[in-house]
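Notes to accompany the following structure.
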């Protein structure tokens, strides 16, 4: 036994076991998040329950079974709930998602199984997805066109056709409002700032005023034309309505311009459910959020996360590489260099919220405020760069991840044999040429390793971003068709902050819980995608310059 311990075999097995347990734990957590997140998009059966109370009254409830649990009867008795004729020790209750938010006080309600006297899943029950007030559950009865009932031989096909028509008109109206009308508003604001800038310089002449007013008048005329077209789209979209009977037995008229989709989950086969599953995932990835981020998609958050990480990578990589080259190739081996290395290593352990406070105070208020006073005085007192935005978020996270890139790059530089440097210098190359043509190409895999670690940390950071740029809902993306196309002063959405907002700030916690898991899985997928891209580049560089190492 003593010889076995001396051989080092126990430590090998202990290390292998620890790595295996860690890997299994990570895969288990990922599987749990994926299951709970992706199951949200699978079409669940719609139940129609008849629930009878102790006083003999009955109520019809329509909804999806969201969860179930076993509870002891003693707990119910202590809370004042008494069930006549039920003598078991435990009781099963189910949590139903009932929707119909404008008519039902709660989206979710608990129903105890002993009170259920009827449980049916009719094929004609429908789930109506709406842009406002959440899903609506009920029985579609007929269509209305301009308030008049429409005769229909195939109601489902006619409903789907009119939904597609309304969705297409709504998309045209949204595109018109965001692109053409948005561009006009952007240009009007540019004219306003130009007038203010000329006034501050004392160059606001009559000719300049006439030119600006003529441009503004032309934009207003164009705006009137586009506004009439916008109203026409909205009026056409509001032509149709759908009449649905809800669980109260009341016929409710749903305007078609608010309906996004209608499904009949109880009448779906396996292939139909699979198609609907992938369709819902696609909508989740490509659409904008709705209902205080508790419904709809997360495309602005995906775009903001990727854009901010890429901008951070562009900033941190050159600074980190230059700092590592100086420390390893130029700085002397003295006390000052050792202090700098210790400081760089210690910076990696500073809490991220400290970086956020520093970014808010230094970059936003000091640097951004100074830029506004020098370059954008016409916009004051409304700040341009003196307010949190995507640029300050990227710079703050670049400083946060800078130690990782420096340490990784310096380790890569230290692994390059000194004979290569000496051979290059002996052949007449300067030190700068040696660095550019020999050292940096060979150190590029280590640089990419540092960048991978930086991306992995930056993409998941939330605390500093809450201070320097991220918001709950951003009306515009940092990139659009208006010059200069990249608007680094704008605020943005982030998947990490979206998870925090939906999970802890949502007024409807039960409805938001699946979105938390789905967004968490999506955030991990985005990080893995960015890392795999960087790993692919690193492996390519490693193979390309492998011959130089020999």
Item checked: Contact order normalised by residue count of the chain, Cα under 8 Å, 6+ apart, percent -> 15
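Taking a ≥ b ≥ c as the square roots of the Cα gyration tensor eigenvalues, with a/c under 1.5 meaning rounded and otherwise prolate when a/b beats b/c, else oblate, which class fits the stretch 64-127?
Taking the square roots of the gyration eigenvalues as a ≥ b ≥ c, the stretch 64-127 is prolate.
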Next item on the list: Please find the FRET efficiency linking residue 77 to residue 124, where r is the Cβ-Cβ separation and R0 is fixed at 56 Å, and quote it to the nearest 0.05.
Entry: 0.90
Margin query: How high is the relative contact order of the stretch 140-267? Use alpha-carbon pairs under 8 Å, at least six apart in sequence, and give a whole percent.
Written below: 42
Margin query: Once each part is reduced to its C-alpha centroid, what is the distance from the stretch 240-303 to the stretch 77-100 in angstrom?
Written below: 31
Next item on the list: Enter the per residue convex hull volume of the stretch 187-305, computed from alpha-carbon coordinates, in Å³ rounded to the nearest integer.
Entry: 198
Notebook entry, point to check: Scaled to the compact-protein estimate 2.2 N^0.38 Å, what is the alpha-carbon radius of gyration of the stretch 50-187, rounded to two decimal places?
Noted result: 1.55
Item checked: Extension gain from residue 354 to residue 223, taking 0.36 nm per residue of separation minus the Cα-Cα distance -> 42.5 nm
Note to self: With an 8 Å Cα cut-off and a minimum separation of 6 or more residues, compute the relative contact order for the stretch 312-469 in percent.
What the structure shows: 38
Margin query: For the chain, take the longest principal axis of its alpha carbons; what is the angle in degrees between that and the long axis of helix 9-38, to the nearest 10 within 0 to 90?
Written below: 40
Next item on the list: Compute the acute angle (0 to 90°) between the alpha-carbon long axis of helix 509-544 and the principal axis of greatest extent of the alpha-carbon atoms of the chain; round to the nearest 10°.
Entry: 30
Notebook entry, point to check: Once a ≥ b ≥ c are taken as the square roots of the eigenvalues of the Cα gyration tensor of the chain, is the result rounded (a/c under 1.5), prolate (a/b larger than b/c) or oblate (a/b not larger than b/c)?
Noted result: oblate
Checklist line | Estimated 222 nm signal from helices in the chain, with DSSP H stretches of n ≥ 4 weighted -39500 (n - 2.57), rounded to 500 | finding: -18000 deg cm²/dmol
Margin query: Checking the a/c ratio against 1.5 first, then a/b against b/c, what shape does the Cα gyration tensor give for the stretch 114-223?
Written below: prolate
Checklist line | Principal-axis tilt of helix 155-175 within the chain, Cα atoms, nearest 10 degrees | finding: 40
Notebook entry, point to check: Can you give me the Cα centroid spacing of the stretch 147-182 and the stretch 204-236 in angstrom?
Noted result: 28
Check: Can you give the extra length, in nm with one decimal, that the chain gains between residue 194 and residue 380 once fully stretched, where that is 0.36 nm per residue apart less the Cα-Cα distance?
Finding: 65.7 nm
Item checked: Zone residues, the stretch 136-164, relative to residue 272, backbone N less than 12 Å from point 7 Å out along Cα-to-Cβ -> 156-157
Note to self: Taking only the Cα atoms of the stretch 301-545, how large is their convex hull per residue, in Å³?
What the structure shows: 164
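We did not get these values from a lab; they are worked out from the coordinates using the rules stated. Everything quoted here is computed from the prediction, not taken from an experiment. Here Cβ is always computed from backbone atoms with ideal geometry, including for glycine, and neighbour counts include all displayed protein chains.
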